[in-house]
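Novice: First the structure, then my questions, so here it is.
Throughout, read-outs are computed from the coordinates displayed, never taken from laboratory work. Just so it is clear, the structure is predicted and the values come from calculations on it, not from any experiment. Cβ atoms come from the backbone with ideal geometry, glycine included; neighbour counts cover every protein chain shown.
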Amino acid sequence: LTLKVSDSHNNNHSTVVALNEFSSAIEERTGGDVEVQVFGAGVLGTESEMINQLRMGILDMVRTAPTDLEKFNPVYSAFLLPYLFKDAAGVEKAMNAVKDDVFHSHPDSGFMGLAWNTAGARSFYTVDKEINSPADLEGLKIRVPNSRSMTQAVEMLGATATPVPWGEVYTALQQGIVDGAEGSPTSLIDGKFVEVIRHFSFDRHFTIPDVLIISTKTWDKLNDEQKAIFKEEAENYTKRVAVLEEEKVAKAIEQSKEQGVTFKDVDLDPFKARVMPLYDELRANNEEAAEIVSRIEAAQE
Amino acid sequence: MDTNLVIMILLPLFLVFMFSGIPIAIGIGLSSLAAILVILPFDMVAFQGAQKMFGGINSFGMLAVPFFMLAGNIMNHGGIARKLIDLALMFGGRMPGALAHANVMGNMLFGTLSGSGMACTAAIGGTMAPIQKEKGYNPAFSAAINIASGPVGMLIPPSGLLILFSIVSGGVSVAGLFMGGWIPGILWGVAVMIVAYFMAKKHNLPTEKSDRTFGQKLKVFWDAVPALMLIVIVMGGIVGGVFTATEGAAVAVVYSLLLSFYYRTISGKMLLKTLSDTALTTGVILFLVAVSSLMSWIMAYAQIPQMIGETLLQLTDNRIVLLLIINISLLILGTFMDATPAILIFTPILMPICTGMFGMDPIHFGVMMIFNLGIGNITPPVGCVLFVGAAVGDTKIEKIIPFLLPVFAVLFGVLLLVTYVPSLTLFLPRLIGL
Amino acid sequence: MVKFRNYLEKAVLSLITVFLVLLVVMASWQVFARYILNAPPQFTDEAMRFTMIWLVYLGAALAFGITDRHMSLGLFKDMFKGRTRIMFEVFSFACVLVFCLIVMIKGGIALVLIGEGQYSDSMNLPMNWVYMIIPFSGFLSVLLKTQNFVEVVKDIRSGSNGY
Ligand code: NA
Ligand code: NA
């Protein structure tokens, strides 16, 4: 049995590295009965294209994010709320509490979750103006990825959300088409933004975990022993990405500091206050996701 | 093993389709589908085909292709080419074969604006051919020089092909590629002028005596200024970050439109025809792009790039030899294919080898590849610039070839220079910090 | 029939011309809104992509109805005349038909079906409507290519129009 797993991240990204290790472990532990081919760098398409391929049976597993998953399974909308998690430890606690229910919800979507991985907290970074409070974001053009929920949240926080494709962000920042962007510290290095960015404010508005999904048809092809191996290796995948990401974030912060970027902790409360309507909206419109949100909150108490 | 089988079906089928004269896009699509049936069931193949037809062109950057094409076509009909020829003649007039040099410089200037080898060859060559004939130039020689310098606009920015490469490669900086294209593009033009100089001397072609006064010269320059300003506005805007490359292409359309109104050379009827022609051509070219993305997907899915990479590395692990092999293979493939499908098909295969294994800069790789495929545009049997050049020069391809042979030799030399001296390409991008 | 086709072609050509103008207008608007109004529009990126895709597939279908409008390598088939040449045209016609039926129509319908319930990122358009252009273009291509094929065969038979 040969499974194909696809990831849009570059081949040296933590998730692809961890997937390659996952692949070797599976092959070894199943005695070669199950082989996992890893396709990194998005060679097989964008994330929503990959999910469609998985639903059609062309791919078996995809590393993706709730931004794309919510289109197929409304439960994943829960993870798109800003300030859902308190900190890295909170993410782990909360995910362990809810992941089984989330992963196995809506089997009609054609896929289930197998593992999650941290993608770091997203914060604002800017070229000129330091961000200390939502008021500082007023009138600033901030680059966002092309996603409605992210655009909405960034607008509520006070900035003017400007969608720019990833490949054009560097020039957009350099030439002032946008005043800043948002992401984890590693994006400063990955996109070479460190050459133009001066201020990074840890406002941590988003912590959106990635999800490794597997097609339900593929899952049914595995025998019980193989399923157990997959579950164990999925846990290892989660841990491995966490370790790799922590190293990468620390290194990114150090490198960025060397190049003159200042990192600053800010008071989160005024930011949180601004996005509370999003919680009310979700509670009113998406019962399933709202229930998961409540459990995530409870798990972090 | 599946990988081998997929290649064994894909390649021969592709060649059969190509030579049977069916639309290239359909040939690419059908051979890809047939090959992937080895791995995937029919239903999935059909679905994935349709998904790629949509997804393959669902990219904002792709819009630059119709925009630059439209700008080029408007300028073509707007008489802007003529102003640039006058300017070129003023500079190149004292050399033997003056009109040939003017043709090359005209192509460099107009190519800068239009970014399409075909538009440029048609616009400048079409205007110059009758003048050259009148002055006793061999039409085959004139056409050869026009054709030889036709593709410079693919390298001298702005260039649709560089933008296409940026998209296919997954986001190599367009501004960086544009800056990288300048020096190799100018070298290309100069190389053609050197060849033209020696050929003109051999055939005793006349110089153009200029009896223009300083004031008249100034007038010629002044007339060309609005056309030249487009380069300043579009390039300055993109490199200076006022707008993205795609937006810059739209600005080029608006500006060339204003320019045509200013020179009063385009009628409403002609403009409407230019618009509908461009729209139709956009359909043709981006349909080809979409199908090629299907082929790229199928090659990635069957892990063909890895296999070709490994095979190439088994031949040799010497960087210099390998780059030579890659260049010669591309030149051979380029004789059969046009640049657009070639970029789409070969970038995903060759780029990981060059940038990944050898640490070649992606900008350098892109410029090298487009230089190479630009040569393919002027070689028989398939070369759109060659066809257009022969048509506007009113001569036959077999008569042009003898004059083109020395150009090929010199251009191959320049290609090697561009390949092995990275700073030729990378000097300017580094200067602006890319 | 011929009249219907002329109207159809004219209508599609006008539509893609309007689309092209619309694209230039939206791109200019995007630059203008960002600098002058300091409010970058959220929808233009997606609107332009979808408009372009519709333009491309209508244009490509239209081009199938025009002899040699799609790029092809004619040097080999151009050497033949009469019956042999007709064989080439039959082969070409069959290839276009197979591609359109399998990928554009069959695959396109599968795409429309999977797009059920999916909405676009910024304009919230139902994706199955957006995807509809693929099977539609397949259908239009088959129609126009068939017409063109019949004409070309007629021309080859009678040796007119340069055959
Ligand atoms: Na150009
Ligand atoms: Na060629």
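Novice: Treating the angle as unsigned and between 0 and 90°, give the value, to the nearest 10°, between the Cα long axis of helix B:98-114 and the longest Cα principal axis of chain B.
Specialist: Around 50 degrees separate the two axes.
Novice: Sticking with this structure for a sec: What spacing in nm lies between the two simple spin-label points modelled at A:Glu301 and A:His104, each 7 Å away from Cα in the Cβ direction?
Specialist: If labels sit at A:Glu301 and A:His104, their model points lie 2.5 nm apart.
Novice: Using a Gaussian network model of chain A whose springs link C-alpha atoms within less than 10 Å, name the residue from A:Glu195, A:Glu258, A:Glu155 with the highest mean-square fluctuation.
Specialist: Residue with maximal mean-square fluctuation among A:Glu195, A:Glu258, A:Glu155: A:Glu258.
Novice: Would you mind checking the tilt of helix A:269-285 against the longest principal axis of the Cα atoms of chain A, expressed as 0 to 90 degrees and rounded to 10?
Specialist: 50
Novice: While we're here: What angle do you read, to the nearest 10 degrees and between 0 and 90, between the alpha-carbon axis of helix A:224-258 and the longest principal axis of chain A?
Specialist: Computed tilt is about 20 degrees.
Novice: Continuing with this model, one more query. Which of the three applies to the range A:48-134, rounded, prolate or oblate, going by the alpha-carbon gyration tensor with a ≥ b ≥ c and a/c under 1.5 meaning rounded?
Specialist: Because a/c hits 1.5 or more and a/b exceeds b/c, the range A:48-134 counts as prolate.
Novice: Here's something else I'd like to know. When Cβ neighbours within 10 Å are restricted to other protein chains, what is their mean count per residue of peptide A:140-146?
Specialist: Going residue by residue through A:140-146 and averaging, the value is 2.
Novice: In addition: With the cut-off at 1.5 for a/c, could you classify the range A:14-61 from its C-alpha gyration tensor as rounded, prolate or oblate?
Specialist: Verdict is oblate for the range A:14-61.
Novice: Further, regarding this structure: I need the calculated FRET efficiency for the pair B:Met229 and B:Ser423, taking r as the beta carbon distance and R₀ as 35 Å, to the nearest 0.05.
Specialist: 0.70
Novice: Now a separate question. Calculate, in nm to one decimal, what B:Ser267 and B:Leu218 gain on full extension: separation in residues at 0.36 nm each, minus their alpha carbon distance.
Specialist: 14.8 nm
Novice: If you scale each eigenvalue of the Cα gyration tensor by 5 and take the root, what three semi-axes come out for the range C:2-158, rounded to whole angstrom and sorted largest first?
Specialist: Semi-axes from the Cα gyration tensor: 37, 19, 13 Å.
Novice: Per DSSP H run of n ≥ 4, the term is -39500 (n - 2.57); total these for chain A, divide by its residue number, and report the mean residue ellipticity at 222 nm rounded to 500 deg cm²/dmol.
Specialist: Per the formula, -14500 deg cm²/dmol.
Novice: I've got another one for you. Where is the GNM fluctuation largest for chain A (alpha-carbon springs, 10 angstrom cutoff): A:Gly139, A:Gly158, A:Gly110?
Specialist: A:Gly139
Novice: What's the FRET efficiency of B:Leu37 with B:Ile328 using the Cβ-Cβ distance as r and R₀ = 30 Å, to the nearest 0.05?
Specialist: 0.40
Novice: Looking only at C:Gly59, C:Gly108, C:Gly117, which one moves most when chain C is put into a Gaussian network model with springs between Cα atoms under 10 Å?
Specialist: Between C:Gly59, C:Gly108, C:Gly117, it is C:Gly117 that shows the largest mean-square fluctuation.
Novice: Just from its helices, what would the mean residue ellipticity at 222 nm be for chain B, if runs of 4 or more DSSP H residues each count -39500 (n - 2.57) and the sum is divided by every residue, rounded to the nearest 500 deg cm²/dmol?
Specialist: -25500 deg cm²/dmol
Novice: Continuing with this model, one more query. Hey, what do the phi angles of the range C:47-59 turn into as Karplus ³J(HN,Hα) couplings, whole Hz, using 6.51/-1.76/1.60 and θ = phi - 60°, x for Gly and Pro?
Specialist: For the range C:47-59, the Karplus curve yields 4, 5, 4, 5, 4, 4, 5, 4, 4, 4, 6, 6, x Hz.
Novice: Calculate the mean, over all residues of peptide C:27-36, of how many other protein chain Cβ atoms lie within 10 angstrom of the residue's Cβ.
Specialist: 5
Novice: Lys pairs in the range C:2-158, Cα-Cα under 23 Å, at least 8 apart or on separate chains: how many?
Specialist: 9
Novice: Give or take rounding to whole Å, what are the principal axis extents of the alpha carbon atoms in the protein assembly as shown, in descending order?
Specialist: 91, 65, 60
Novice: Evaluate peptide A:48-58: per residue, the Cβ atoms of other protein chains within 10 Å of its Cβ; return the mean as an integer.
Specialist: 5
Novice: Using only the Cα atoms, what convex hull volume per residue in Å³ does chain B have?
Specialist: Per-residue hull volume (Cα only) is 140 Å³.
Novice: Roughly speaking, what is the centre-to-centre gap between the range A:123-161 and the range B:157-232 when only Cα atoms are used, to the nearest Å?
Specialist: 43
Novice: A follow-up question, please. Using a basic spin-label model with each label point 7 Å from the Cα along Cα→Cβ, how many nm lie between B:Ala409 and A:Ser133?
Specialist: Result for the modelled spin labels: 7.7 nm.
Novice: Here's a follow-up. Take the Cβ-Cβ distance between B:Glu398 and C:Phe43 as r, set R0 to 45 Å, and report the resulting FRET efficiency rounded to the nearest 0.05.
Specialist: It comes to 0.25.
Novice: Something else now. Along Cα→Cβ, 7 Å out, is where each label goes; now give me the distance between the ones at C:Leu8 and C:Asp78 in nm to one decimal.
Specialist: 3.0
Novice: Just subtract the alpha-carbon distance of C:Leu22 and C:Tyr35 from 0.36 nm times their residue separation and send over the number in nm, one decimal.
Specialist: 2.7 nm
Novice: Okay, next question. Residues with amide H under 5 Å of A:Phe111's amide H, sequence separation 5 or more or different chain, H placed in the peptide plane at 1.01 Å from N; which?
Specialist: Distant-sequence amide H within range of A:Phe111: A:Thr216.
Novice: Within straight cross-link reach of A:Lys93, meaning Cα distance under 16 Å, which lysines are found once same-chain residues fewer than 8 apart are removed?
Specialist: Correct list for A:Lys93: A:Lys239.
Novice: Moving on to the next point. At 0.36 nm per residue, minus the direct Cα-Cα distance, what do A:Ala284 and A:Asn20 gain on full extension? Give it in nm, one decimal, please.
Specialist: Separation in residues times 0.36 nm, less the Cα-Cα distance, equals 90.9 nm.
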